[in-house]
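Structure first, commentary second.
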Amino acid sequence: MTKVGLTGGIGSGKSEVARRLGERGAVIIDADRIAREVVEPGTEGLARVVAAFGEEILREDGSLNRERLGAIVFADSEKLATLNGIVHPLVGERVAVLQGQAAEGAVVVYDVPLLVENKLAPLYDVVIVVDASDETRIARLREYRQMPEADAKARIAAQASREERLAVADVVISNEGSIEELEAQVARVWEQLVARKSTT
């Protein structure tokens, strides 16, 4: 099994790269999606989060009000640590299950937004960074997510810098151009991953 860590700042196009690698046969493990799944209604994770933060973080339908919880934890580092202490082990357990289900010799791509921030690079055989300038990313966030420019800049500032991400990269996919250019780069990277798999 080849373990690939895939990361990139918000608006870089990381999810698009993950999707295209998945189309080629990679097993995609999406850390963000799993983090949402482990706190869905009826889960042990949601019960623990409610026990820690109270019923006011729930919507009327019993689902987690992410915005309200975010406002609480991002203003208080201790509360954020409490939340991470609940969610991260559950995510780790789910990732281990998915990893165990992958076929022998699979290329497993872990889509991890905070790979650099959480110093996870050593866990992977290959780290791929999807890179784009801050200006390009802000423009995408404004266009595709209707995010105000000030919010886009704040989200980018809260993440690792381009330099910090590039410092841990084994492979860089530059996503400043067209979808066709991105597709060509993904195709080359996939060939490298398959070639690497056959030699390990």
Let's see if you can work this out: charge +1 on each Lys and Arg Cβ, -1 on each Asp and Glu Cβ, no other charges. What is the dipole magnitude of region 1-78 about its Cα centre, in debye to the nearest 20? 580
Ignoring any ligand, DNA or RNA, what whole percent of the accessible area of region 43-85 comes from carbon and sulfur when the probe is 1.4 angstrom? 51
What relative contact order, as a whole-number percentage, does region 1-108 give when Cα pairs under 8 Å and 6 or more residues apart are counted? 42
Do you know the Lys pair count in the chain for C-alpha distances under 25 Å, with sequence separation 8 or more or different chains? 10
Residues of the chain: accessible area per residue at 1.4 Å, in Å²? 55
Taking the Cα atoms only, what angle lies between the long axis of helix 134-144 and the longest principal axis of the chain, rounded to 10 degrees? 60
Sticking to Cα atoms, compute the Rg of region 106-200 to one decimal and its Dmax as the biggest Cα-Cα distance, whole number, in Å. 14.9, 47
Just to make sure I understand: if all protein chains stay in place, what is the order of F74, F53 by accessible area at 1.4 Å, largest first? F74, F53
Which of the trypsin sites (Lys or Arg not before Pro) across region 28-73 are loop residues per DSSP, with 13 or fewer other Cβ within 10 Å? R59
Given the DSSP H assignment, sum -39500 (n - 2.57) over each helix run of at least 4 residues in the chain and divide by its residue total; what's the result at 222 nm in deg cm²/dmol, nearest 500? -17000 deg cm²/dmol
Could you tell me which of N65, V129, V50 has its Cα farthest along the dipole of region 41-200 towards the positive end, charges placed at Cβ (Lys, Arg +1; Asp, Glu -1), taken about the Cα centre? V50
I'd like the accessible area for D61, computed on protein heavy atoms only with a 1.4 Å probe and all protein chains in place. Round to 10 Å², please. 120
Report, for the chain, the % of DSSP beta bridges that are antiparallel, rounded to 5. 5
So the label point goes 7 Å from the Cα of D151 along Cα→C-beta, right? Which residues of region 39-82 then have their backbone N under 18 Å from it? 65-75
For M147, M1, what's the largest-to-smallest order of accessible area, 1.4 Å probe? M1, M147
Electrostatic dipole magnitude of region 1-144 [Cβ: Lys, Arg +1; Asp, Glu -1; Cα centre; debye, to 20]: 280
Rounded to whole angstrom, the alpha-carbon centroid of region 63-102 lies from that of region 1-49 at a distance of 13
For region 1-58, which GluC sites (Glu not before Pro) pass both filters: DSSP loop (anything but H, G, I, E, B) and at most 10 other C-beta atoms within 10 Å? none
With unit charges on the beta carbons (Lys and Arg positive, Asp and Glu negative) and the dipole taken about the Cα centre of region 1-132, which residue among V87, S15, A75 sits farthest to the positive side? S15
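The values are calculated or read from the model by the stated rules, or taken from the named source; none is laboratory data. Quantities reported herein were computed from a predicted structural model and do not represent experimental measurements. Every residue, glycine as well, gets a Cβ built from its backbone with ideal geometry; the counts of neighbours run over all protein chains shown. The area values use the complete protein model at the heavy-atom level, side chains included, leaving out ligands, DNA and RNA. Shrake-Rupley method; radii C 1.70, N 1.55, O 1.52, S 1.80 Å.
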